[in-house]
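Read the figures in this text as sums done on the coordinates, not as results from a lab. Since this is a predicted model, take the numbers as computed values, not measurements. Please note: Cβ atoms are built from the backbone with ideal geometry, for glycine as well, and neighbour counts cover all protein chains shown.
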Amino acid sequence: MRTPNNERLTPDIAEAGGADKSAPERRCILSGEHGARHALVRLAISPDGVVLPDPLARAPGRGAWIGVSRAVLEEAIARGRLRGALARAFKGAPLTVPEDLAQKVDDALSRVLLDRLGLEMRGGRLILGSDRIAEHARAGRIALLLHAADASEDGSKKLDQAWRVGRDAEGTGERGIRLPLDRAALSVALGRDNVVHLALADAAAAERVGSILARLLHFRGLAPDEHDGAPGQPGAPGSPVAAGDEHIEIEG
């Protein structure tokens, strides 16, 4: 994709909740609010002038960032507000806003999440299988617990309980996060049969996956409640990736 040249980035400031102070913020092109870069979705212009999602923020040049939910984005597209905001962000450069841009953003975020899970799998950091996850959970060695969208309540509750035991969090109601992806999508992405439950023991890997997951959950309007996840993970109390996500922005 090509985009017009960047203007200088806004100064680096702390994320909401006082997390990483080195993370630059971006200004939402629709709301005018600010949010951490990792919580937003970048838009760029393709060589033929079509506005497309750039979820990894790798396209060169100027970009416009969005962090609102899919419902808000679809309304902005329908009312022409997004086109006007993009025209200002891209300084009047010729552009076309696809009617299905919201779906393209959803697909892009899902693909990035699945790709990240695949990378963690190949790096030996992803734990699969209920028995193996339960063993690690009871020993307090799970940083992030995930369930497929179509995982059974019974199976999920058993692993959630094992996780709470290992974290000395019994009675808190804390539980793993239900992914907005079913077992079929997970199985294809990971090259394994019937992937229903997943876990990460490595804290850095959990943060990488959690940050991407938070963006997708927010975009779909499925942000976890306060009992989901663990400290520092999406939806958890004090989680940096759970804050400042109703944003879009102008960037580079």
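Pulled fully out, how much extra length does the chain show between ALA71 and LYS104, if you take 0.36 nm times their separation in residues and subtract their Cα-Cα distance?
That works out to 10.5 nm of additional length.
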Proportion of all alpha-carbon pairs of segment 41-113 beyond 19 Å (%): 25
Calculated FRET value between GLU153 and ASP193, using beta carbons and R₀ = 25 Å, to 0.05: 0.70
Table column - 3J(HN,Hα) (Hz), segment 142-159, Karplus curve with 6.51, -1.76, 1.60, x for Gly and Pro: 10, 8, 8, 10, 10, 10, 5, 4, 9, 5, 5, 4, 4, x, 5, 5, 5, 6
Dimensions in Å of segment 106-242 - Rg and Dmax from alpha carbons: 13.3, 37
5 angstrom amide H check on HIS34, placed H, neighbours 5+ away: CYS28
